[in-house]
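Working notes, beginning with the structure itself.
What follows draws every value from the coordinates through simple rules; no lab data is involved. Just so we're clear, the structure is a prediction, and the values are computed from it rather than from any experiment. All Cβ positions, even for glycine, are placed from backbone atoms using ideal geometry, and neighbour counts span all protein chains on display.
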Amino acid sequence: MNRKAVNWSLGVGAPLLLVALWWTLSSTSTNTFFPPLSIILERFQALWLFDHFTSDVLLSLRNLLLGYALATVIGVGLGFIIALVPVARWVLDPLIHFFRGIPPVALVPIFISLIGFGVEMRLLSITLAALFPTLIATVDGIRSVDSGLKDVSAVYRLTRREKMVQVYLPAAGPHIASGMQVSLQVAFIVMIASEMLGSSQGIGAMTLLAQQSFMISDMWAGILLLGIIGFAANLLFEIIKNKVLAWYVGSKRLARTA
Amino acid sequence: MAEANVSSDATVRLRVDGLAKSYGTGDKAKVVIEDLTFTVNAGEMVCIVGPSGVGKTTLLKCLAGLQPATRGQASIDGRTISGPPPEMALVFQDYNRSLMPWLTVRKNLMLPLRHLRLPAAEAKERCDSALEAVGLSHAEHQYPWQLSGGMQQRVAIARALAYRPEILIMDEPFASVDAQTRFDLEDLCLKIRQDFGMTILVVTHDIDEAVYLSDRVVVLGSKPAKVLKIVDVDLPAPRDQITTRSLPEFARQRTDVLSLIKRPA
Ligand SMILES: Nc1ncnc2c1ncn2[C@@H]1O[C@H](COP(=O)(O)OP(=O)(O)O)[C@@H](O)[C@H]1O
Ligand SMILES: [Mg+2]
């Protein structure tokens, strides 16, 4: 209990301390590239709350969420098929290993030339890039389901559907979750990159535009917002993961202390 | 041929007929079971004893339809086993690999019952009585990994009991429980056979346990496995941990079995 309290106060305190430090150290700054935090925050409020909120912030977030959700559903679904259908495995395995080797951001220019600068391009980039970590983790997770559990499912004659939903999916859950966490980071990176490379809308585009027009405070405000979004998204993911996989977290903790 | 056998085998439930099993093929084939033949009658309790590594688990996996026999066959009521039979439940030796770690004890019991689509009240009643029978009612909301090995094995047994199979097969089910619990579970076995008329096949390496539980003991020996002898145990019913085990007859039977196993091959 006590340790938890300490951890929490460290988790909250350290960033606050950093912000305070940033505030005091930058307050008298005359360096154009490092404006005072107070000015950045002013610009932050002016830009994002709530001028460009719907036009850019919400747009970026919507792309991120939609692309990530699609990537997760397709990744897990395709992962099941590849892990369980031998033919699919022979056909798709080499293809996947080829694509996973390409850095996700490098895919963006291809999409721009293929489908232009629209929202579809950004969504597709995010989905496709975020697909692979989840897909590969799902395949791994299902292939490593304990044969003991498979035998139990067979003895009690579970149907194929019951096996999928009630045995394979939960058993592969920890694998899938770590894949999804990587996917989330990739989706976030590609969201920003796709906006910077091929768009005039979105947080990424606004930030780059600010930099190119020497509005350094605006640029910092954009980076600050991106940082906050990335941090919040990861935190949310952790909270949900620890809730859904409470059994896994608990058993691991017990195994460590025992 | 099957027709002719029906009347004479009216009480035979499980028949193992010239069963052989090897792992791998060709030069690398490893013969684990050479040739096994025995039967288990309806409502009978049969124990299989044999040294570890002889192929007992391999045999049970063939009986449960989890893997095909290389030669010969096993059948239930004259039907050859080619996949997991609906009337059978199997309690595995590796208890820690046979329970779902993401489900609580009660939900582990419910998993096969949900497949059976029982009315909720009946499923609940079966879970309650199975947990009660293995003495784990208090642990129903815990996860398997929070329990000791012996308790986990009892959960696996409870899951099989709640399923109410006609034929129950258990692979060294009491190896990891303490002596007191072991006696209780042995008596539970005798009781469920009585109450539900289950046909029960238990693998054990404890000879006393085999003699105490069984109507017959199948003694396996030598690698690859074959039946050394089938010993009829005629100890009076009802059996009791104290009186039955102190009978001179009990001592004689266990010496019989022991001498078979100890005999140099
Ligand atoms: N899947 C398998 N592949 C190859 N060899 C196996 C396999 N399963 C068991 N064996 C071998 O078969 C032999 C008998 O094993 P097992 O049936 O587990 O014995 P028991 O249950 O009597 O201790 C052992 O030598 C074991 O190594
Ligand atoms: Mg074994």
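Tabulated data
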{"quantity": "Size of region B:11-125 as Cα extents on the principal axes (Å, biggest first)", "calculated": "51, 35, 24"}
{"quantity": "Residues A:Y168, B:Y95 arranged by fewest to most Cβ contacts within 10 Å", "calculated": "A:Y168, B:Y95"}
{"quantity": "Shielding of A:139-151 by partner chains, average beta-carbon count, 10 Å", "calculated": "3"}
{"quantity": "Assigned charges on the beta-carbon of Lys, Arg, Asp, Glu; chain A dipole about Cα centre (debye)", "calculated": "1140"}
{"quantity": "Cut-off 11 Å between beta-carbons: net charge of the residues surrounding A:L208, Lys and Arg +1, Asp and Glu -1", "calculated": "-2"}
{"quantity": "Overall Cα dimensions of the protein assembly as shown, principal axis frame, Å, largest first", "calculated": "102, 53, 48"}
{"quantity": "J(HN,Hα) series, region A:197-204, from Karplus relation 6.51 cos²θ - 1.76 cosθ + 1.60, nearest Hz, glycine and proline x", "calculated": "7, x, 7, 10, 10, x, 4, x"}
{"quantity": "Cα long-axis angle, helix A:58-84 against chain A (0 to 90 degrees, to the nearest 10)", "calculated": "20"}
{"quantity": "Sequence-separation-based contact order of region A:36-257, relative, with Cα cut under 8 Å and 6+ spacing, percent", "calculated": "27"}
{"quantity": "Length-normalised contact order of chain B in % [C-alpha pairs under 8 Å, at least 6 apart]", "calculated": "24"}
{"quantity": "Average other protein chain Cβ within 10 Å of Cβ, residues B:156-165", "calculated": "1"}
{"quantity": "3J(HN,Hα) from dihedral phi, region B:22-33, Karplus parametrisation 6.51/-1.76/1.60, rounded to Hz, x for glycine, proline", "calculated": "10, 9, x, 10, x, 5, 8, 4, 10, 7, 9, 10"}
{"quantity": "Net charge, B:A237 excluded, C-beta distance under 11 Å - Lys, Arg +1, Asp, Glu -1", "calculated": "-1"}
{"quantity": "Summed side-chain charge close to B:L136 - residues other than B:L136 whose Cβ falls under 10 Å, Lys, Arg +1, Asp, Glu -1", "calculated": "0"}
{"quantity": "For residues of A:156-168, the mean tally of beta carbons on other chains within 10 Å", "calculated": "3"}
{"quantity": "Under-5 Å amide H pairs with B:L220, H placed in peptide plane, nonlocal only", "calculated": "B:V49, B:G50, B:L228"}
{"quantity": "Given A:K4/B:K107; A:K163/B:K28; B:K56/B:K229; A:K252/B:K30; A:K163/A:K243, the pairs whose alpha carbons are separated by over 26 Å", "calculated": "A:K4/B:K107; A:K163/B:K28; A:K252/B:K30"}
{"quantity": "Gap separating the Cα centres of region B:142-221 and region A:1-44, nearest whole Å", "calculated": "63"}
{"quantity": "Unit charges on C-beta of K, R, D, E only; dipole of the protein assembly as shown, Debye", "calculated": "540"}
{"quantity": "Inverse mean reciprocal Cα-Cα distance (Kirkwood Rh) of region B:98-164, Å", "calculated": "11.4"}
{"quantity": "Vicinal HN-Hα couplings computed from phi for region B:159-176 (Karplus, 6.51 cos²θ - 1.76 cosθ + 1.60; Hz; Gly/Pro x)", "calculated": "4, 5, 5, 5, 6, 6, x, 7, 10, 10, 10, 10, 9, 6, x, 10, 5, 10"}
